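Quick note: the coordinates plus some simple rules give every number you see, no bench work behind them. Computed from a predicted model, the values in this text were never measured in an experiment. Using ideal geometry, Cβ is built from the backbone for each residue, glycine included, and neighbour counts are taken over all protein chains shown.
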Amino acid sequence: MEMKNNLPKGWVECSIGEILTAKKGKKPASTIDEPREGYVPYILIDEMEGKQIRTYTNDPKVSIIDETEVLLVWDGSIGKCGSGLKGAIGSTLVGLKALGGIQTKFLEYTIRQQNNFIKETSTGTGLQHINKDFFEICKIPLPPLAEQHRIVAKLDALFEKIESNKQRLEKIPKLLKRFRQSVLAAAVSGKLTEEWRVVNKNSVDDLIKKVNIIREEKYKAELETAKKLKLRKPKRPSNLVIEVILNGDFSIPDEWRLITLESSASIEHYAMSSGPFGSALGTKDYKETGVKVIRGQNIQNGTFIENNFVFISEVKANELKRSSVKEGDLIVVAVGSSGQVALVPKSMTGSIMSQNCNKMTFDEFLIESKYVLMYLQNSMAISQLKDKTTDTARPFLSLTNLKSVIIPLASIEEQKEIVRRVEQLFAFADKIEARYTKAKAMLDKLPQSILAKAFRGELVAQDPNDEPASVLLERIKAEKEKLAAEKKLIRQAQGKGKKTKEYSIEEKSVKIAAEKKINYKNKKK
């Protein structure tokens with residue numbers, strides 16, 4: 001490919017302002033909510049992005065655009081652009097009209113290709129604005145007009161394919177979410193291990209009897225120790241004996257049983273506890289370092305999030321020992337995002353729960369903590385948790401209500417098999433999700449890569465018979481001079497005379513502000 005100044009033969013470099021005219025939008029004096037004769041749609045960013053027209057105006061002072069003009073977001077979400085709309089444009093938008101027979105779509109693609117430049121040269125601290133000299137400082141490679149048409153046709157076809165692939169790709173997260181829920185539903189209903197139970201005959205009733213005996217022996221040992229050491233007689237745990245719940249609303253295998261969460265907890269002290277209430281733990285106790293405090297924000301979608309911690313002193317942590325946690329404990333959010341659950345990782349052993357959390361330590365002879373975690377993320381359990389959440393000023397799931405949540409109990413061997421199978425299927429879903437994330441990242445970058453290739457002259461073939469872009473540029477210059485002369489005559493006929501203090505964006509594309517510098521922060525729309 002023959003190049004001159006890094007451009008293909010027949011191309012020229014120019015400022016983007018040389019090939020267009022522009023008009024800044026303006027907020028209308030009044031609008032109405034319904035279409036009416038004499039009124040035009042009022043277009044803001046939402047409407048530009050495809051949402052329904054919400055308001056209409058007949059203000060004669062607003063800027064009107066039609067389908068042949070490109071809309072560019074000038075303030076706020078700068079760089080977004082689109083075309084094909086007709087109506088009045090708001091103050092955050094600019095309407096751009098290509099000259100010299102340049103296609104609207106080519107101008108739109110040109111602006112999209114300059115998106116990074118627009119952001120890099122923007123002004124403003126809080127609200128971003130496109131640089132006031134954008135039309136002058138933004139240099140673009142301009143192909144011959146005939147080649148522009150070929151570029152647009154090729155880009156249209158490629159971008160249509162990209163959009164089609166994006167739509168297909170966007171279905172994957174929803175499919176994976178449904179897949180995971182289906183796996184959990186099959187797991188806690190016994191369907192996932194239906195064939196396993198045919199081969200493995202494990203009695204849940206025998207398990208319950210065995211655990212009841214173990215608990216009774218532990219309690220008797222505590223009594224004996226207290227008697228020998230002349231200590232206070234230990235309180236009999238409320239969950240010492242596992243009670244089977246009879247409830248026909250749950251569809252479980254004949255071999256399974258139903259128990260409460262309270263029955264599944266260990267009988268050790270503080271196996272079921274809430275975070276410290278009232279003034280026992282407050283922001284006044286937080287330190288820069290020390291013992292970590294677990295808050296509701298650390299429990300999200302079955303996962304423990306190990307960041308954004310606050311700390312308390314070891315002395316304070318010892319005062320709140322009943323609210324301490326260890327590896328494998330289940331944390332259930334009580335206040336705010338009530339019902340969110342996660343297991344405590346090994347690294348968090350010894351941490352303290354905040355007042356918006358509940359904790360359960362499970363009986364390892366009876367139940368697998370991961371099995372309970374899986375069950376509590378299933379729709380059947382989520383419904384229970386919602387029913388047991390009270391809603392006053394904020395949603396609240398008390399420890400008392402949490403204890404009464406009913407769970408299906410399989411044999412300990414089957415629970416382990418369920419956990420193994422669910423983790424295996426979830427790992428498969430995680431691999432697909434990782435591939436989706438990688439594909440999405442690549443697809444998101446593809447448009448800019450294609451545009452860069454197009455504007456290097458590498459997307460379509462050059463034709464030596466094409467009229468050079470330099471001739472096109474001269475024709476546009478003559479067209480702009482003619483438009484300026486016509487506008488001058490119109491202004492004179494209206495008796496407005498010549499403007500001396502500022503240029504409008506429509507009159508002089510390379511100047512969109514007053515000759516004096518504008519402070520965008522204080523500028524009123």
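In order along region 132-142, the phi-based Karplus estimate (6.51 cos²θ - 1.76 cosθ + 1.60, θ = phi - 60°) of 3J(HN,Hα) comes to 4, 9, 3, 5, 8, 8, 7, 8, 10, x, 10 Hz; Gly and Pro are listed as x.
For Rg/Rh (Cα atoms, Kirkwood Rh), the value calculated from this model appears in (i) 0.99; (ii) 1.17; (iii) 1.28 under label (ii). For region 411-456, the spread of Cα positions along the three principal axes, ordered from largest to smallest, is 67, 8, 5 Å.
Counting 0.36 nm for each residue step from Gln297 to Glu160 and taking away their Cα separation leaves a gain of 45.3 nm.
Applying the Kirkwood pairwise sum to the alpha-carbon positions of region 138-251 produces a hydrodynamic radius of 22.2 angstrom. Overall shape of region 16-78 was characterised from the C-alpha gyration tensor. The equivalent ellipsoid obtained from it has semi-axes of 22, 14, 11 Å, in decreasing order. Among the trypsin sites (Lys or Arg not before Pro) within region 262-346, those in coil by DSSP and having at most 14 neighbouring Cβ atoms inside 10 Å are Lys326. For region 33-123, the ratio of Cα radius of gyration to the globular rule of thumb 2.2 N^0.38 Å stands at 1.11.
Over the chain, Cα pairs under 8 Å with separation of 6+ residues give a relative contact order of 19 percent.
Report the Rg/Rh value for region 194-347, based on alpha-carbon coordinates and the Kirkwood definition of Rh.
Details: Rg = 19.7 Å, Rh = 18.9 Å.
Here the Rg-to-Rh quotient is 1.04.
DSSP loop (so not H, G, I, E, B), at most 13 other Cβ within 10 Å: list which trypsin sites (Lys or Arg not before Pro) in region 1-66 pass both filters. Within region 1-66, the qualifying trypsin sites (Lys or Arg not before Pro) (loop, at most 13 other Cβ atoms within 10 Å) are Arg36, Lys51, Arg54, Lys61.
Inter-label distance, Ile305 to Thr123: 3.8 nm, where each label sits 7 Å from its Cα along the C-beta direction.
Based on alpha-carbon centroids, what's the gap between region 370-426 and region 18-95 in Å, whole number please? Their Cα centres are 51 Å away from one another. Residue-wise HN-Hα couplings along region 173-186, as the Karplus relation 6.51 cos²θ - 1.76 cosθ + 1.60 with θ = phi - 60° gives them from phi, are x, 5, 5, 5, 5, 5, 4, 4, 5, 5, 5, 5, 4, 5 Hz; Gly and Pro carry x.
Couplings 3J(HN,Hα) of region 448-454, computed from phi: 5, 5, 5, 5, 4, 5, 4 Hz, in residue order, whole Hz [Karplus 6.51 cos²θ - 1.76 cosθ + 1.60, θ = phi - 60°; x for Gly and Pro].
Using modelled backbone amide H atoms (1.01 Å from N, in-plane), which distant-in-sequence or interchain residues come within less than 5 Å of Ala342's amide H? Residues meeting the amide H criterion: Ile331. Once backbone amide H atoms are built at 1.01 Å from N, Ile43 has Ala88, Ile89, Gly90 as its partners under 5 Å, excluding neighbours fewer than 5 places away on the same chain. The H on the amide N of Ile259, modeled in the peptide plane, is under 5 Å from the matching H of Ile245, Ile407, Leu409, each at least 5 residues off or on a different chain.
Cα-based radius of gyration for region 232-295, normalised by 2.2 N^0.38 Å, reads 1.75.
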